[in-house]
Amino acid sequence: KVVAVILVGGPTKGTRFRPLSFNTPEPLFPLAGQSMVYHPISSCKKIPNLVQIFLIGFYEEREFALYVSSISNELKIPVRYLKEDKPHGSAGGLYYFRDQIMEDSPSHIFLLNFDVCCSFPLSNMLEAHKTYGGIGTLLVIKVSAESANQFGELVADPVTKELLHYTEKPETFVSDLINCGVYIFTPKIFSIIQEVFLLREDRADIRHISSYESQQFATRSPTDFVRLDQDILSPLAGKKKLYTYETMDFWEQIKTPGISIKCSALYLAQFRITSPHLLASGDDSTATVVGDVYIHPSAKVHPTSKIGPNVSISANVRIAPGVRLMNCIVLDDVEIKENAVVIHAIVGWKSSIGRWSRVQGDGDYNAKLGITILGESVIVEDEVVVTNSIVLPNKMLNLSVQDEIIL
Ligand code: GDD
Ligand code: GTP
């Protein structure tokens, strides 16, 4: 048997996702019309003998209750949300719920970060992991040398694929091979995390002799906070316990709203192969559809509008005649009025875009202001142009703005 764990973090994380993380936990933000965590969950569903999926985080239970019950029903696999009383770190969170995770006595445990976008080649990873015979296998990818320092950089044996060296976000360049945040472990991982805990408690006891030092220690490194990367992977590298599986497919870390438009495009393109029924086809839909587009069945889209490529339209959205949409994510209950244009933008829940208005960005997804984001319930009046700007919730725009953050 196999189980999967997705680390979803909590409300203190995801600050870079503002203002979109104000009222929805980042893991539930839609990419290609499905929540961010839907994509790893549906990939887990394809693993042979998968019995359960756990989401571990420190969001309030109620924020995930509805989601986990609906996704469990839809995919016919039990998905459970387990809430930590406080952050325990990526390895600490896993360890905290070891009893629940081991309930079905799984032989293997998948561990996935929620904030990565990739094809999740999990079954292939499992096959590779079995041939290596280690405690864990990491999904890795080659990236540009300039961007590698945002991630865990690692060195692997080119023949045996053993993980030889691991450094988390190093200041000086180590390698362009990086950690994708997708792992498979045997249950032995729990005793390894436990050793780290015990070592820490011992040290804390020793330091107790000096009260000054114990205070220092408590703030710097509480005994029940363990990070997977620095505290587990680094010390275990080069000991024939960890191995790597390199993906040649797409991979992105979803840390900003700009990147989420790019990731939405990647997942829509993947739907073309895996779930074409989710894409709007143009003939059954009412509008002119260009490229990969998702339209929620409850959305009302006028036949004279033109939509795509890379557009995702959520529930109860209304699109008026003559509207043009490209490279954008339109969230629930939005109204877009006659002849408005939305390009390289995210339109927040319940917002309204006036006639002949333009909400646009220049499409530099890595720049701070390369797209336009409207927070929840923003009103853009008729004939207003909003370019490369971030607009906080409940604002009303009656003048055009460019390169601004509207607070
Ligand atoms: N439940 C829970 N509790 N989850 C946590 C906690 C915690 O206390 N702390 C972090 N996480 C989750 C995050 O939500 C995320 O899914 C994952 O653990 C990793 O988050 P971070 O520890 O903040 O690391 P990172 O995202 O900056 O970098 C990691 O992922 C990169 C790939 O995206 C590292 O492992 C890098 O090496 C890696 O390249
Ligand atoms: P195609 O007509 O699809 O070949 O697009 P294009 O390359 O001529 O123009 P562009 O990509 O800039 O715009 C895409 C569509 O949006 C075109 O059909 C334009 O007519 C339309 N469009 C551009 N600006 C506006 C506008 O301000 N209002 C409206 N209603 N449509 C616009």
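The table below gives the values:
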read-out: Whether region 317-407 is rounded, prolate or oblate, judged on the alpha carbon gyration tensor where a/c under 1.5 counts as rounded; value: rounded
read-out: When each of Lys86/Lys300; Lys83/Lys169; Lys76/Lys262; Lys169/Lys262; Lys161/Lys262; Lys169/Lys350 is checked by Cα-Cα distance, pairs over 32 Å; value: Lys86/Lys300; Lys169/Lys350
read-out: Neighbour-count order for Thr372, Thr256, fewest beta carbons within 10 angstrom listed first; value: Thr256, Thr372
read-out: Cα→Cβ-extended label distance, 7 Å offset, between Val290 and Glu127, nm; value: 4.0 nm
read-out: Packing-based exposure ordering (other Cβ within 10 Å, fewest first) of Arg80, Arg200; value: Arg80, Arg200
read-out: Amide H contacts of Phe58 (H built 1.01 Å from N, under 5 Å, at least 5 apart or other chain); value: Gly9, Gly10, Glu84
read-out: Sequence ranges 328-337, 228-237, 162-171, ranked by mean other-Cβ count within 10 angstrom, highest first; value: 328-337, 228-237, 162-171
read-out: Protection proxy ranking of 125-131, 387-393 - average other beta-carbon atoms within 10 Å, highest first; value: 387-393, 125-131
read-out: For region 53-111 and region 335-407, distance of Cα centres in Å; value: 36 Å
read-out: Unpartnered cysteines - no second Cys beta carbon under 4.7 Å - across the chain; value: Cys44, Cys118, Cys180, Cys328
read-out: Size of charge dipole - the chain - debye, nearest 20, with Cβ of Lys, Arg +1 and Asp, Glu -1, no other charges; value: 420 debye
read-out: For region 81-183, the fraction of alpha-carbon pairs in successive 5 Å shells from zero, as %; value: 2, 10, 19, 20, 21, 15, 9, 3, 1
read-out: Protection proxy ranking, peptides 258-267, 16-25, average beta carbon neighbours within 10 Å, highest first; value: 258-267, 16-25
read-out: Positive-end residue, region 329-383 charge dipole about Cα centroid, Cβ charges, pick of Gly370, Asn339, Val359; value: Gly370
read-out: For Ile405, residues with placed amide H under 5 Å, excluding near neighbours; value: Ile390
read-out: Magnitude of the charge dipole, region 4-66, Cβ model with Lys/Arg +1 and Asp/Glu -1, debye to 20; value: 200 debye
read-out: Residue order, fewest to most beta carbons within 10 Å, for Met102, Met248, Met36; value: Met248, Met102, Met36
read-out: Cα-based Rg of the chain normalised by 2.2 N^0.38 Å, two decimals; value: 1.06
read-out: Aspartates and glutamates with Cα under 14 Å of Lys130, excluding same-chain neighbours fewer than 8 positions away; value: Glu162
read-out: Share of pairwise Cα separations in region 1-153, more than 27 Å, in percent; value: 22 percent
read-out: CD proxy at 222 nm, helix term only [per DSSP H run n ≥ 4: -39500 (n - 2.57); per residue of the chain; nearest 500]; value: -7000 deg cm²/dmol
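Values quoted throughout were computed directly from the atomic coordinates according to the rules given, and no laboratory measurement underlies them. If you're wondering where the values come from, they're calculated on a predicted model, not measured in any experiment. Neighbour counts run over all protein chains shown; Cβ positions are idealised from the backbone, glycine included.
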